[in-house]
Structure formats: C-alpha cells, structure tokens
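First comes the structure, then the notes that go with it.
The values are calculated or read from the model by the stated rules, or taken from the named source; none is laboratory data. Quick caveat: nothing in here was measured; it's all calculated off a predicted structure. Glycine also receives a Cβ, built like all others from the backbone with ideal geometry; neighbour counts cover every protein chain displayed.
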Amino acid sequence: MRGAYLRLPRSPGERAALEGSRCPQCRSTFYPPRYVCLNCFHEGLDTVALSTHGKVWTFTIARMSLPGSFVNAPYVIAQVELQDGVTVPGVLDGVDPEAVRIGMPVELVVEKVSVNAEGEDVMVFKFRPAAE
C-alpha cells in the first residue's frame with residue numbers, strides 16, 4: 001500500500017486504524033511507522049494500531065481544491081495529536097471550517113473515495129469532530 005499506513009477491519013466489529021510503530025525499549029510511538037526509534041535508537045520496532053481519537057493540535061483552511069482532489073474547498077487540513085501522543089496530518093471533515101478550534105476532539109474515519117483501474121477500492125482516512 002502506498003501513502004497512509006491504514007489497517008482496515010478484518011472482522012465484524014473491528015475498527016479501522018492507522019498503523020504506527022512502538023519501541024519495545026523506551027515505549028516511544030511513531031507515525032508513520034519506523035524501523036529505528038528516534039528516541040533511543042533501538043532497531044526493530046513493533047507495529048501497533050494507533051488510537052482513533054485525538055485533538056486538533058493546529059490547522060489551516062484550504063480555500064482552493066487541486067484538480068482531481070477528493071475534497072472540495074474550503075476544507076481543513078489539521079495536525080491531529082492522537083491519544084498515543086503522535087501527531088498525524090489529515091483532512092478534517094464534517095465541520096464548518098470557521099468553527100474548527102485548537103483542542104477540538106476528533107476521531108478517525110475511513111471512507112471509500114473511488115475504485116482504481118484494478119477494481120480495488122481506494123480508501124482514505126479523515127478526521128471528524130467527536131463528542132467532548
């Protein structure tokens with residue numbers, strides 16, 4: 001898979017999650033996944049499913065969409081701090097861009113946006129406002 005490290009549900013009741021890595025030595029967590037810990041330089045990190053909840057750390061409002069984009073302007077590009085402590089960039093969906101605020105609780109959502117030439121679903125992750 002190119003791009004995002006996304007773990008799709010394999011059984012009913014399982015939720016999609018981003019995949020990161022965690023150091024077995026110092027417990028530091030990273031996204032995207034790494035092989036070497038940036039904290040203690042331990043090699044061989046564990047693959048983990050990251051939290052699906054976090055808060056907006058910072059954001060910007062994009063007022064133009066690029067040709068072929070899956071989102072329409074205006075939209076929010078946010079840095080989301082997950083409960084694991086890692087910061088993940090993503091689009092914030094389902095909210096008025098002018099209502100977004102730093103610290104706003106959000107949750108991960110995954111949606112199908114198209115089908116590729118091989119007939120496979122093209123999935124993307126976004127964040128949407130979560131209950132406080």
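Here are the numbers for this structure:
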| read-out | value |
| --- | --- |
| Criterion: of a type in the set (A, V, I, L, M, F, W, C) and either out of contact with any Leu (no Cβ under 6 Å at 6 or more places or on another chain) or modelled with pLDDT under 95 (or both) - qualifying residue of L45, L50 | L45 |
| Lone qualifier among V48, V106, V91 - being touching a Pro at 6+ places or on another chain (Cβ under 9 Å), farther than 14 Å from S28 by Cα and without any contact (Cβ under 8 Å) to a residue 60 or more places away in the chain | V106 |
| The lone exception for E14 - which of (1) closer than 22 Å to A131 by Cβ; (2) free of Cβ contacts under 8 Å to residues at least 24 places away in the same chain; (3) part of a strand (DSSP E or B); (4) not small (G, A, S) it fails | (3) |
| Qualifying positions in the stretch 29-54 - in a strand (DSSP E or B) and surrounded by fewer than 19 Cβ atoms within 10 Å (Cβ to Cβ) | V36, E43, D46, T47, V48, A49, H53 |
| Among (1) loosely packed, with under 11 Cβ neighbours inside 10 Å; (2) closer than 20 Å to E14 by Cα; (3) among the charged types (D, E, K, R), the one test that E118 misses | (2) |
| Answer residue from the stretch 60-84, given it is in a loop (DSSP other than H, G, I, E, B) and surrounded by 15 or more Cβ atoms within 10 Å (Cβ to Cβ) and is farthest from the chain's Cα centre (by Cα) among those | V71 |
